[in-house]
Amino acid sequence: MLRQTYQNFEIIVVDDGSSDRTAQLLQRYGMKDARIKIVTIDVEKNWSDGWTGKTWACYQGYIHSTGNILLFTDADTTHSHCTLSLSFQYFLSNKLNALTLVPRLRAEDFWTRLILPVLWTLSYARYSPQKANDPGTRNGGYFFGSFFMISRDTYEAIGTHERVRAEIVEDVELGRMVKERGHRSQVVRGEHHVTAIWARNLGTLWDGLRRLMIPMYLKEKANAILITIGTSLMLLVPPTFSIILIMLNPAYPLSTNLNDEIGFPWYLVLLVFSIISTILILVTSVIQSKAVIFQNLIYTLGFPIAGTILSAAFLSAIFDSRKINSIRWHERDYSYSRPN
């Protein structure tokens with residue numbers, strides 16, 4: 001961020017109970033650049049009045065800021081040198097109240113590389129950029145926590161992070177509120193300028209999937225169940241059917257006697273549809289890997305494994321949704337509850 005081509009900004013860094021050398025490194029940067037403000041917060045206060053760790057930290061950053069336009073970004077996000085200048089120019093020229101950039105999700109492990117193409121495809125079904133950018137509707141809005149820019153007036157008008165203090169997926173909720181209240185907001189592709197890490201290993205990947213599903217299930221049970229069932233049917237049934245049908249390979253005798261009755265070849269119909277569905281899943285995963293995630297296409301072949309992990313994580317989340325500390329995220333345990 002210090003190497004941005006646009007330089008008229010301040011950086012509010014919130015150290016939310018880090019256990020490594022973050023605090024020392026921040027102090028070193030702060031001594032070199034007066035634009036950096038370091039806010040160290042008491043971890044114990046995160047839990048007061050139903051706040052989660054991140055919502056409390058973001059709110060503290062807002063309190064200590066002075067700018068009229070706020071940019072929220074995560075600690076695991078990197079930015080190109082011109083991200084701020086381009087987004088700021090786009091924000092002003094389109095007279096927006098809020099702007100979020102679609103990041104490139106960087107996978108650092110085998111399991112996340114398998115999951116991302118499929119997960120990214122599924123996300124478009126729920127979070128449509130076209131719907132979010134449609135000025136004629138007041139629903140479908142969302143933010144990416146790795147990068148969302150919002151005017152101070154708009155942020156305060158929707159109630160700041162205090163309004164979503166108990167939310168686990170607070171960025172999506174803030175974006176939804178901005179859209180519902182008629183503020184001008186847009187979702188813009190930014191994969192070449194913003195990169196974020198969604199998970200680092202199978203454990204954090206599992207936690208991340210449960211973090212997405214548990215709040216959804218507790219607020220929209222029918223949709224959560226349909227997504228879970230749909231994921232299993234779409235990703236697991238076609239390849240499974242294709243393999244079974246090919247292995248069975250029943251012979252359909254062809255008779256030259258016109259008086260013989262030949263039954264309708266349901267086997268061939270099922271096989272064709274299963275193969276076509278499998279190919280469509282592969283093509284979609286290839287498109288996501290090539291155009292959005294920018295990773296090796298070989299991982300798209302693992303979509304049945306990805307489907308199994310997704311289905312298992314979603315089912316686990318549904319069954320554990322009402323348990324105490326059912327959500328684990330960034331080494332903290334949360335019980336989901338919404339403020340009154």
| message | Treating only the Cα positions of the stretch 138-232 as identical point scatterers, give the base-10 log of I(q)/I(0) from the Debye formula at each q in 0.21, 0.24 Å⁻¹. | response | -1.23, -1.32
| task | Quote the accessible area belonging to R113 in square angstrom, nearest 10, computed with a 1.4 Å probe and with ligands, DNA and RNA left uncounted. | result | 70
| query | Ranked from highest to lowest mean number of other Cβ atoms within 10 Å per residue, what is the order of the peptides 133-139, 206-212, 78-84? | reply | 206-212, 78-84, 133-139
| task | Show which lysines lie in cross-link reach of K323 when reach means a straight Cα distance below 22 angstrom and same-chain residues fewer than eight apart are skipped. | result | K54, K219, K221
| task | Tell me the GluC sites (Glu not before Pro) within the stretch 81-163 that lie in a loop according to DSSP and have at most 13 other beta-carbon atoms within 10 Å. | result | E108
| field | Dipole of the chain, positive end: most advanced residue of L101, F294, F314 [Cβ charges, Cα centre] | value | L101
| query | Counting only heavy atoms of protein chains, what accessible area per residue, in Å², does the chain have with a probe of 1.4 Å? | reply | 54
| query | How would you order 17-28, 300-311, 232-243, 325-336 from highest to lowest mean count of nearby Cβ atoms within 10 Å? | reply | 300-311, 232-243, 325-336, 17-28
| request: Can you work out the PRE-style zone for R126? Point 7 Å along Cα to Cβ, and I want the residues of the stretch 311-335 with backbone N under 11 Å. | output: 314
| Which one, (i) 45; (ii) 52; (iii) 38, gives percent of Cα pairs over 32 Å apart as derived from the coordinates shown? | (iii)
| message | Suppose each label sits 7 Å from its Cα in the direction of the beta carbon; what would the I229-F110 distance come out to in nanometres? | response | 3.4
| query | Which percent of the Cα-Cα distances in the stretch 1-115 go past 24 Å? | reply | 37
| query | Going from most exposed to least, what order do K323, K37, K179 have by accessible area with a 1.4 Å probe? | reply | K323, K37, K179
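Which of the DSSP-defined H helices in the chain satisfy a minimum axial length of 20 Å, computed from C-alpha atoms, and a minimum mean Kyte-Doolittle hydropathy of 0.5? Intermediate results must be reported in sequence, preceding the final value.
On the way: long enough: 110-126 (25 Å, 0.74); 202-219 (26 Å, 0.31); 221-248 (38 Å, 1.77); 266-288 (33 Å, 2.24); 303-320 (25 Å, 1.61).
Span-like helices here: 110-126, 221-248, 266-288, 303-320.
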| query | Pick from D49, D320, D16: which residue has the top mean-square fluctuation in a GNM of the chain where Cα pairs under 10 Å get a spring? | reply | D49
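Could you look at the chain and say what percent of its accessible area is carbon and sulfur, using a 1.4 Å probe and all protein chains? Provide the component values of the computation, followed by the final result.
Details: 10890 of 18460 Å².
Carbon and sulfur atoms account for 59 percent of the accessible area of the chain.
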| remark: The alpha-carbon pair-distance distribution computed for the stretch 73-162, with 5 angstrom bins and whole-percent values, is 3, 10, 17, 22, 21, 15, 8, 3, 0
| request: Note down the magnitude of the dipole of the stretch 153-243 about its Cα centre, charges +1 on Lys and Arg C-beta and -1 on Asp and Glu C-beta and zero elsewhere, to the nearest 20 debye. | output: 200
| request: Could you calculate the FRET efficiency of D49 with R181 from 1/(1 + (r/R0)^6), where r is the beta carbon distance between them and R0 is 25 Å, rounded to 0.05? | output: 0.60
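The values are calculated or read from the model by the stated rules, or taken from the named source; none is laboratory data. The shown structure was predicted, so the numbers you read here are calculated from the model rather than taken from an experiment. No Cβ is skipped: glycine too gets one built from the backbone with ideal geometry, and neighbour counts run over all protein chains shown. Please note that ligands, DNA and RNA were not included when accessible areas were found on the heavy atoms of the full protein model with its side chains. Shrake-Rupley method; radii C 1.70, N 1.55, O 1.52, S 1.80 Å.
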